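Heads up: the structure comes next, in structure tokens.
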Amino acid sequence: MVKPIPDGYHAVTPYLIVSDGAKAIEFYKRGLAAQEVMRMPGPGGRIMHAEVKIGDSIVMLGEEPPDKPTFRAPQSAGMRTASLYLYVRDVDTAFKQAVGAGAKAVTPVTDMFWGDRIGQIEDPSGHQWTLATHKEDLTPDEVAKRAKAAMAPTGPGKK
């Protein structure tokens, strides 16, 4: 019997549009410890479709199709077109690895009020990734209390 969700996939699978598929795959392998699952060449040698596995998740990607101007990589669109949240065992190590492999550091690694330790990077294709390690299990009330404290005005004139 054919499974409606294939083995190894989740109900939601990100699909990223990139300008250079081979370069993106190499960054994901070096910077995010991805494993290349498959690569499907298209016309003119561009990568029409590829899949990498990061942790337990598949991320699909393809190069900008010349006949579909609504599918653009962040550089071509002139804006961020996707943001992904990636849980890792050690966010500090993962952040350094990603930056060392060519990612741009967006937000340094820090502890967040909801119990995750995060750092944000922009990959060479222009997609933003929030790398995170879950550090604390909190109740909704604890998160709300911490959120209120974290967002409270500080300094002169605070209310």
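The values are calculated or read from the model by the stated rules, or taken from the named source; none is laboratory data. Note that the structure is a prediction, hence the values are computed from the model and not measured. Remember, those area values only see protein heavy atoms, side chains included, never the ligands or the DNA or RNA. Shrake-Rupley method; radii C 1.70, N 1.55, O 1.52, S 1.80 Å.
Skip the ligands, DNA and RNA, and give the accessible area per residue of segment 72-152 with a 1.4 Å probe, whole Å².
On the way: 4710 Å² over 81 residues.
Accessible area per residue: 58 Å².
Once you have the alpha carbon radius of gyration of segment 62-153, what is it after dividing by 2.2 N^0.38 Å, with N set to its residue count?
Numbers: Rg = 16.3 Å, N = 92, 2.2 N^0.38 = 12.3 Å.
Normalised Cα radius of gyration, segment 62-153: 1.33.
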Using P(r) over Cα pairs in 10 Å bins from 0, in percent as the read-out, say which of (i) 10, 38, 37, 13, 1; (ii) 10, 32, 31, 18, 7, 2, 0; (iii) 9, 32, 34, 18, 6, 1, 0 was calculated from these coordinates. (ii)
By a straight-distance test (C-alpha under 12 Å), which aspartates and glutamates pair with Lys23 as possible cross-link partners, with residues fewer than eight away in the same chain excluded? Glu63, Asp123
In the chain, carbon and sulfur make up what percent of the accessible area (probe 1.4 Å)? 57
Which links in Lys53/Lys96; Lys53/Lys104; Lys96/Lys145 stretch past 28 Å when you go from one Cα to the other? Lys96/Lys145
